[in-house]
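Have a look at the structure below, then the notes.
The values are calculated or read from the model by the stated rules, or taken from the named source; none is laboratory data. A quick note: this is a predicted structure, and the numbers were derived from the prediction, not measured. Note that each Cβ is placed from the backbone with ideal geometry, even for glycine, and that neighbours are counted across all protein chains shown.
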Amino acid sequence: MLRLTDLVKQYKTGDKALKNVNLEVPDGQVMALIGPSGAGKSTLIRCVNRLVEPTSGKIHLNDLELTTLGQGSLRRTRRRMGMIFQEYALVERLTVMENVLSGRLGYVPFWRSYFRKFPQADVNEAFRLLERVGLDHMVDKRADELSGGQRQRVGICRALIQNPELLLVDEPTASLDPKTSRQIMRLIRELCEERKLSAIINIHDVLLAQMFAERIVGLQLGEIVYDGPPDGLTPDVLTQIYGEEDWEATIEKVDDEDELGDDTPPQQQAATSN
Amino acid sequence: MPVAQTGSDRIWKRRDRRTQLTVWAVQLSCLMVFVYCWSLVSDKTIWEFVYDAPHQAGDMASRMVPPAWDYMDQLWVAIWDTINIATLGTMMAVVLAFPIAFLAARNTTPSVVFVRPIALFIIVSSRSINSLLWALMLVTIIGPGVLAGVLAIGFRSIGFCAKLLYEAIEEIDTTQVEAVTATGASGPQVLHYGIVPQILPAFAGISVFRWDINIRESTVLGLVGAGGIGLQLNASINNVAWTQVSLILLVILGTVIVSEWVSAKVRHAII
């Protein structure tokens, strides 16, 4: 369970990105965090693994308080939180395998990672994960040779090989086409269910959030303005989060769509997407 | 004020009147400075010598041909020394420049207040002294020979390589570094996985580029006794053996062409 208590982040410029955010994410829950650009979504998840240092407030992962951890224990705690990024953030000039194995860096000593001598168990797990996301034939490709969807799958593998309890997902679909976006979101959702992971997913696309999250939190100017089920997103609520717009079309018919037909095998996708 | 209303049309101009006048004033003052400097140079030139220049050049050229081809026997060793000075000097510089660049780059330096200024000072002092001057000093300190040349080239190149490399480090994509940090990797691991792969092409390009420059620089180091083909050049000039000088110039030209070709090939292969 992740619990944020009175979390505040004020940047040096004086902007308050987060104002007393209180949030609880139970184990195994997939939560979508929506809100306009600049609402503080990225700041919030970066505060959790302290890529951004929170100004005040407390963050508990189970019983461990994260904001006061020293460097060593912070690194050990980061291993328990996998992160997936908007522009994939793969190390472009390393291979797919190296990128996936980099998820184990927190577990292996420097000399092993330097000589790429990862434990065989890690390599086995990497192969298993790549097979799970349909990329086991791409092990030796360099990350910059992959398409967007493939890169994000590698990003997912890198997060999962950490064997995390929690996934922090920052705009996973922002640079992907609509179809790939759905595939990636479904993959994240399925993997969270398989591994009983909880997840915070920052996402711009309200429709995708409704389709794949069990709970939606709306953030506006650093404050939570909505916290509830996906079908509670009425036009009024969306207006409160994003501002005045015609929202009727956005929340139309979410559950009727046939989702199962469009999952292209990755091989075929590889052939068409380069 | 570049947009003005004239009747029903809105007139757009690139600059308003004040800016345009400033631009003209700057251009005019540049022209005046140029004319003034030209007259200074002209006053201090002995024009009789310059009028004579075509004749002198022709005279020298006639004494340079044909190149003394049989002198080539003595040049092979010298050119080999020259290439070695350049290569070993570059290797030394690259090895030392790598850590210095990380200490100098704003995003990787352990301390902006203490370590970074020291690293920058090393870079600036290495760059501000020409390799010929380094050689002059080193010959005095450790005596004439190839070693002085290697060190001279090395010291001069540290600053060059470190400067270009630390600029490359400062321009890396930070999200890749963030991603590696988020896995719980330690500082050295973040450096090795997040940063080094991103700067490796720049690093290789800089090294080859500097090697290429160093081949040219090492050809003159012999003038001050630091080994290589410059020694022969100096001796031939002192003996007014112009046919040997022309051969040496041809050999230098050939070496530089080969080194440019090699470095272009290598850079192409890396990038």
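Here is a check on your reading of the model: is B:ALA179 crowded, with 19+ Cβ neighbours inside 10 Å and more than 10 Å from chain A (Cβ to nearest Cβ)?
No, not satisfied.
From the list B:ALA264, B:ALA269, B:ALA226, B:ALA204, the lone residue that is over 18 Å from the mean Cα position of the chain (by Cα), small (Gly, Ala, Ser) and assigned to a helix (DSSP H, G or I) is B:ALA269.
If the condition is being among the charged types (D, E, K, R) and either closer than 14 Å to A:GLU87 by Cα or part of a helix (DSSP H, G or I) (or both), then segment A:123-156 contributes A:GLU125, A:ARG128, A:GLU131, A:ARG132, A:ASP136, A:ASP144, A:GLU145, A:ARG151, A:ARG153.
For A:LEU129, are the conditions met, namely being within 18 Å of the chain's Cα centre (by Cα) and either modelled with pLDDT of 95 or more or surrounded by fewer than 23 Cβ atoms within 10 Å (Cβ to Cβ) (or both)? Please lay out each step first, then the result.
Values: within 18 Å of the chain's Cα centre (by Cα): yes; either modelled with pLDDT of 95 or more or surrounded by fewer than 23 Cβ atoms within 10 Å (Cβ to Cβ) (or both): yes.
Against the criterion (within 18 Å of the chain's Cα centre (by Cα) and either modelled with pLDDT of 95 or more or surrounded by fewer than 23 Cβ atoms within 10 Å (Cβ to Cβ) (or both)), A:LEU129 qualifies.
Taking the conditions (1) part of a helix (DSSP H, G or I); (2) assigned by TED's automatic domain parsing to the domain that holds B:VAL258 in turn, B:ALA61 satisfies each one other than (2). Residues of segment A:173-208 that are polar (S, T, N, Q) and not in a loop (DSSP other than H, G, I, E, B): A:THR180, A:SER181, A:GLN183, A:SER198, A:ASN202. Considering segment B:166-199, the residues that are within 33 Å of the chain's Cα centre (by Cα) and not in a helix (DSSP H, G or I) include one that is nearest to A:LEU160 (Cα to Cα), namely B:ASP173.
When A:VAL108 is tested against (1) farther than 17 Å from B:VAL190 by Cβ; (2) surrounded by fewer than 23 Cβ atoms within 10 Å (Cβ to Cβ); (3) within 11 Å of chain B (Cβ to nearest Cβ), exactly one condition is not met: (1).
Okay, residues lined up against (1) touching a Phe, Trp or Tyr at 6+ places or on another chain (Cβ under 7 Å); (2) more than 30 Å from B:GLY149 (Cα to Cα):
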residue: B:ALA4; (1), (2): no, yes
residue: B:SER8; (1), (2): no, yes
residue: B:SER29; (1), (2): no, yes
residue: B:VAL33; (1), (2): no, yes
residue: B:ASP52; (1), (2): no, yes
residue: B:PRO67; (1), (2): no, no
residue: B:ASP73; (1), (2): no, no
residue: B:ALA86; (1), (2): yes, no
residue: B:VAL94; (1), (2): no, no
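One residue alone among A:GLN120, A:GLN152 is more than 13 Å from chain B (Cβ to nearest Cβ) and either surrounded by fewer than 22 Cβ atoms within 10 Å (Cβ to Cβ) or within 22 Å of the chain's Cα centre (by Cα) (or both), and that residue is A:GLN120.
Looking across segment B:102-121, the residues that are assigned to a helix (DSSP H, G or I) and either surrounded by fewer than 19 Cβ atoms within 10 Å (Cβ to Cβ) or aromatic (Phe, Trp, Tyr) (or both) come down to B:PHE102, B:VAL115, B:ARG116, B:PRO117, B:ILE118, B:LEU120, B:PHE121. No other residue among A:LEU167, A:LEU146 is closer than 24 Å to A:ASN49 by Cα and touching a residue at least 40 places away in the same chain (Cβ under 8 Å) apart from A:LEU167. Counting only residues that are more than 13 Å from the chain's Cα centre (by Cα) and either surrounded by fewer than 24 Cβ atoms within 10 Å (Cβ to Cβ) or assigned to a loop (DSSP other than H, G, I, E, B) (or both), segment A:44-53 holds 4 of them. Hey, any hits in segment A:69-88 for a residue that's under 21 Å from the mean Cα position of the chain (by Cα), hydrophobic (A, V, I, L, M, F, W, C), facing another protein chain (nearest Cβ under 8 Å) and assigned to a strand (DSSP E or B)? Within segment A:69-88 (the criterion being under 21 Å from the mean Cα position of the chain (by Cα), hydrophobic (A, V, I, L, M, F, W, C), facing another protein chain (nearest Cβ under 8 Å) and assigned to a strand (DSSP E or B)), the answer is yes, since at least one residue qualifies.
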